[in-house]
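Asker: Here you go, one structure.
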Amino acid sequence: MKPLLFFLSSCVFGPAFSFQLQPSVGVGVTRNHGARRTILKTTQNDASLEDVLVSETASQSTTSNGITATLFPATRATPSSSQRPLSNRQQLDEQYPQFPRTWVPIASTLELDHSRPNRLEFLDQSYVAYRNPQSNNQQWVVMDNTCPHRLAPLSEGRVEPETGRLQCSYHGWTFEADGSCQRIPQVVPSVEQSAMANPRSCFPSYSTMLDARTGVLWVWPWQQDPLEFVGDEWRHPEGFMEGLILDPSIQNATEAGIMTYTRDQPYGWDTLVENLIDPAHIPFAHHGMQGSRSDAIPINMTSATNLGEAGFAFEWQDRTMGMMRTGEGKFRAPFLVNYNATFASPTGEAKPFRLSALCIPTRPGWSRVMVFSIPTTSAAAKDNTSTNNRIKTFKLGPIMAQLFKRLPTWGSHLLSNKFFDSDLAFLHYQEQLRFDDESANSNLQRGDARYFMPAECDRSIVALHGWIGNYASSYVKRQSTKLPPAIYDRSILFDHFDQHTSKCKICSTALDKLQRRKRNSQIVLAASILLGLRFWPMRLLAVASLGTWRFWSQIEGKFYKGEFKHHQNH
């Protein structure tokens, strides 16, 4: 069991986990600032609507650093609720007036299904993302996930392969990448043209950036124009990733063997960030996976270095897996948690530890974590160098080394699920207790009012909630008043299928293949039992088929459900 657990720690929090950096804004990143914009004026029947921007001829640009940017202007429509639902960007302004306006890492395209619309969430808003097969550079489009006709979710629709347009599967309304309506099948052509020219037939499409080196899809969901913040590097993808690059020769995530692991967590964004910047919980919450309970010692931690709205940094020293570890942690607000540390092995050899994860607020009581595994070297040297580095760091034996080298991505995802299961329950219930008094929380500015934190290792937590109080208090207020009830059904709390498998193309494809193999083993089992009545060698095949069926059944279950009970983790 121990080798597997050490292996898990290598997969999820090993030294090879870091984000691929892009250069800061203005250094090799080209955006189109002069795109032609088309404005449709309101009609007499829509006199209460302001001028609505519905389309833009925006040329894409891809830099040598692998970032493809597509910019659309912010929609300025403010229709009354009786006429049309507020757009996502309008609701964000109303519900979250105090939250940093930055580019948002909405998804990993390494896990999204490229053949269909994908439902995504950010701050209570639902979005649809799809890849336009007819565009250059495999353009990813992000829109509000609501058809203007009868409000059906467009993520349940389809992408027309011939045109690259998004089609609502309720009545067949079809939309261009800029959000403009292109087809209404239920009306005659003359009426169709008039209806499609009506601003109410369209909806916002958002500016996006695709970083080919990491596979991250970034979106600008705010009312403000992103060009207003060009000087604030920390608000941009390149600024988020500054200083994390290990090998500048990596230009494509797939070719470099980069892996991502994304999971929806049944606790909020502040709880997720709080947990990731807390090294003190590792020996207990992840006992047997990343160290053990005996590793726990008083942790030396400096007071956080305040970076203003851009976040904070801290230094710490602890013990993990029997080795002293010293390093720096950073919260690059509001999404990135990054560790750069060094292990001091018993032989005195310094060994690196790197962890980077994106923390995305999705809706009250839920968040999304995105962890990356990026080789320390280019693809050409990955097999020899990166794997050997990981093996050396965690002292895996030759058998585990070969398993690690050959493990498919879905296998790594299953092990990552197990890792995040280990602290899932108490994080979910802890959050419920933090916000259990709605009336007292109506004017809450920060979420640590009920904590008692006397140790140095809690300084990072104090810094986080101080930052939230100053720059993201809107999140805490909404979280405290809109938090859903606690989940006591553990089959729902640890639902791997809903939280990961169904949203990950890699794992959903692997599950389909596994289920076919399972059915095949059942067929072979039945046939070999019947033939075994006359030919005894077939009985051996029956036994082998039974073992194969049970093996696939056990793995299949891990795609659907998880569980972790600490009283059984000795």
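Asker: Please go through the range 254-297 and pick out each residue that is touching a Cys at 6+ places or on another chain (Cβ under 8 Å) and more than 18 Å from residue 107 (Cα to Cα). So that I can check it myself, show each step before the final result.
Answerer: Start the filter on the range 254-297 by keeping residues that are touching a Cys at 6+ places or on another chain (Cβ under 8 Å), which leaves 262, 269, 272-273, 276, 278-280.
The answer is 276, 278, 279, 280.
Asker: Under 9 Å between Cβ atoms, which residue pairs at least 6 apart in sequence (or on different chains) link something in the range 98-119 that is free of Cβ contacts under 8 Å to residues at least 24 places away in the same chain and under 30 Å from residue 446 (Cβ atoms) with a partner that is surrounded by 21 or more Cβ atoms within 10 Å (Cβ to Cβ) and of a type in the set (Ser, Thr, Tyr)?
Answerer: none
Asker: Considering the range 515-565 alone, what residues qualify as being of a type in the set (D, E, K, R), closer than 30 Å to residue 425 by Cβ and part of a helix (DSSP H, G or I)? Step through it out loud before you land on a result.
Answerer: As a first pass, look at the range 515-565 and keep what is of a type in the set (D, E, K, R): 516-519, 534, 539, 550, 556, 558, 561, 563, 565.
Filter once more, so that each one left must be closer than 30 Å to residue 425 by Cβ: 518, 550, 556, 558, 561, 563, 565.
Answer for the range 515-565, where residues must be of a type in the set (D, E, K, R), closer than 30 Å to residue 425 by Cβ and part of a helix (DSSP H, G or I): 518, 550, 556, 558.
Asker: Give all pairs with beta carbons closer than 7 Å in which a residue from the range 185-204 that is over 18 Å from residue 87 (Cβ atoms) meets a residue that is surrounded by fewer than 16 Cβ atoms within 10 Å (Cβ to Cβ) and of a type in the set (A, V, I, L, M, F, W, C); count only pairs at least 6 apart in sequence or on separate chains.
Answerer: 195/187
Asker: Here's something else I'd like to know. Give, as residue ranges, the strands (runs of 3 or more DSSP E) completely inside the range 238-335 that count at least 1 residues that are crowded, with 21+ Cβ neighbours inside 10 Å and of a type in the set (Asp, Glu). Don't jump to the end; show me each part of the working.
Answerer: Working: elements: 259-265, 311-320, 323-332.
Qualifying strands (runs of 3 or more DSSP E): 311-320.
Asker: Kindly indicate the residue of the range 402-424 that is surrounded by fewer than 20 Cβ atoms within 10 Å (Cβ to Cβ) and among the aliphatic types (A, V, I, L, M) and also modelled with the lowest pLDDT among those meeting that condition.
Answerer: Among residues in the range 402-424 that are surrounded by fewer than 20 Cβ atoms within 10 Å (Cβ to Cβ) and among the aliphatic types (A, V, I, L, M), the one modelled with the lowest pLDDT is 403.
Asker: Another one. Inside the range 158-184, can you point out the residues that are in contact (Cβ under 8 Å) with a residue 40 or more places away in the chain and more than 27 Å from the chain's Cα centre (by Cα)?
Answerer: If the condition is that a residue be in contact (Cβ under 8 Å) with a residue 40 or more places away in the chain and more than 27 Å from the chain's Cα centre (by Cα), then 180 is the only one that fits.
Asker: Return a yes/no flag: does the range 293-311 have any residue that is out of contact with any strand residue (DSSP E or B) (no Cβ under 9 Å at 6 or more places or on another chain) and acidic (Asp, Glu).
Answerer: yes
Asker: Among the strands (runs of 3 or more DSSP E) confined wholly to the range 80-145, which include 2 or more residues that are modelled with pLDDT under 90 and over 18 Å from residue 202 (Cβ atoms)?
Answerer: Values: elements: 104-108, 118-122, 125-131, 140-144.
Where strands (runs of 3 or more DSSP E) fall fully within the range 80-145, none carries at least 2 residues being modelled with pLDDT under 90 and over 18 Å from residue 202 (Cβ atoms).
Asker: Right, residue 155: assigned by TED's automatic domain parsing to the domain that holds residue 203, under 25 Å from the mean Cα position of the chain (by Cα) and not in a strand (DSSP E or B) or not? Can you show your working first?
Answerer: Details: assigned by TED's automatic domain parsing to the domain that holds residue 203: yes; under 25 Å from the mean Cα position of the chain (by Cα): yes; not in a strand (DSSP E or B): yes.
Yes; evaluated as a whole, the condition is true for this residue.
Asker: Being at pLDDT 85 or above, out of contact with any Leu (no Cβ under 7 Å at 6 or more places or on another chain), more than 30 Å from residue 168 (Cβ to Cβ) and surrounded by fewer than 23 Cβ atoms within 10 Å (Cβ to Cβ) is the requirement here; does residue 225 meet it? Outline the logic, then answer.
Answerer: Working: at pLDDT 85 or above: yes; out of contact with any Leu (no Cβ under 7 Å at 6 or more places or on another chain): yes; more than 30 Å from residue 168 (Cβ to Cβ): no; surrounded by fewer than 23 Cβ atoms within 10 Å (Cβ to Cβ): yes.
Against the criterion (at pLDDT 85 or above, out of contact with any Leu (no Cβ under 7 Å at 6 or more places or on another chain), more than 30 Å from residue 168 (Cβ to Cβ) and surrounded by fewer than 23 Cβ atoms within 10 Å (Cβ to Cβ)), residue 225 does not qualify.
Asker: OK, next. Across the range 474-501, what is the total count of residues that are surrounded by 18 or more Cβ atoms within 10 Å (Cβ to Cβ) and in contact with a His (Cβ under 9 Å, 6 or more places away or on another chain)?
Answerer: 4
Asker: Quick one: which residue in 364, 352 is in the same structural domain as residue 477 (by TED's automatic domain parsing), farther than 27 Å from residue 455 by Cα and in contact with a helix residue (DSSP H, G or I) (Cβ under 8 Å, 6 or more places away or on another chain)?
Answerer: Values: 352 fails: farther than 27 Å from residue 455 by Cα.
The unique qualifying residue is 364.
The values are calculated or read from the model by the stated rules, or taken from the named source; none is laboratory data. Keep in mind the model is a prediction, meaning the values are calculated, not measured. We place every Cβ from the backbone using ideal geometry, glycine too, and count neighbours over all the protein chains shown.
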